[in-house]
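Trainee: I'd like to ask you about the structure that follows.
The values are calculated or read from the model by the stated rules, or taken from the named source; none is laboratory data. Since the model is a prediction, treat every value here as computed from it, not as a measurement. FYI the Cβ positions are ideal-geometry reconstructions off the backbone, even for glycines, and counts take in every protein chain you see.
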Amino acid sequence: MTLLRSGVKLTPMKKLSLYVFLGLMFCNVGFAETPKYDYKNLNKNIINGWKIEQFTMSEYKNVPSEIYTLTKGNWVLKCQILYFFEDVQTVCTIP
């Protein structure tokens, strides 16, 4: 059997490797979806099923902060809460 007009013959090994390659490409697409999370609200993430695994207090440039490590299945979510003089900011990201 030849592939297109190029005259390249597809031996059974080439066919097998082509099928394996295409199968792996399409299988990877189904598992790439990340779980939903709110990047600005720790409480919404906890309500939506994320579980707190670890909690630490630290300081970032003389600003007190809390760092939460949350998990959902095999996913990890890091949330940092910064306490400024007149403001509180929360940032959550999947590392």
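Trainee: Is at least one residue of the range 52-62 of a type in the set (Lys, Arg), without any contact (Cβ under 8 Å) to a residue 24 or more places away in the chain and exposed (fewer than 13 other Cβ atoms within 10 Å of the Cβ)?
Mentor: Step one: list which residues in the range 52-62 are of a type in the set (Lys, Arg), which gives 61.
Checking which are without any contact (Cβ under 8 Å) to a residue 24 or more places away in the chain leaves us with 61.
From what's left, exposed (fewer than 13 other Cβ atoms within 10 Å of the Cβ): 61.
Yes.
Trainee: Restricting the range 47-75 to residues that are closer than 12 Å to Cys92 by Cα and among the aliphatic types (A, V, I, L, M), which is nearest to the chain's Cα centre (by Cα)?
Mentor: Leu70
Trainee: Scan the range 56-69 residue by residue and report those that are at pLDDT 95 or above and more than 11 Å from Ile81 (Cα to Cα).
Mentor: Thr69
Trainee: Any idea how many residues of the range 67-93 are in contact with a Phe, Trp or Tyr (Cβ under 8 Å, 6 or more places away or on another chain), of a type in the set (Val, Ile, Thr) and closer than 14 Å to Glu53 by Cα?
Mentor: Total meeting the criteria: 3.
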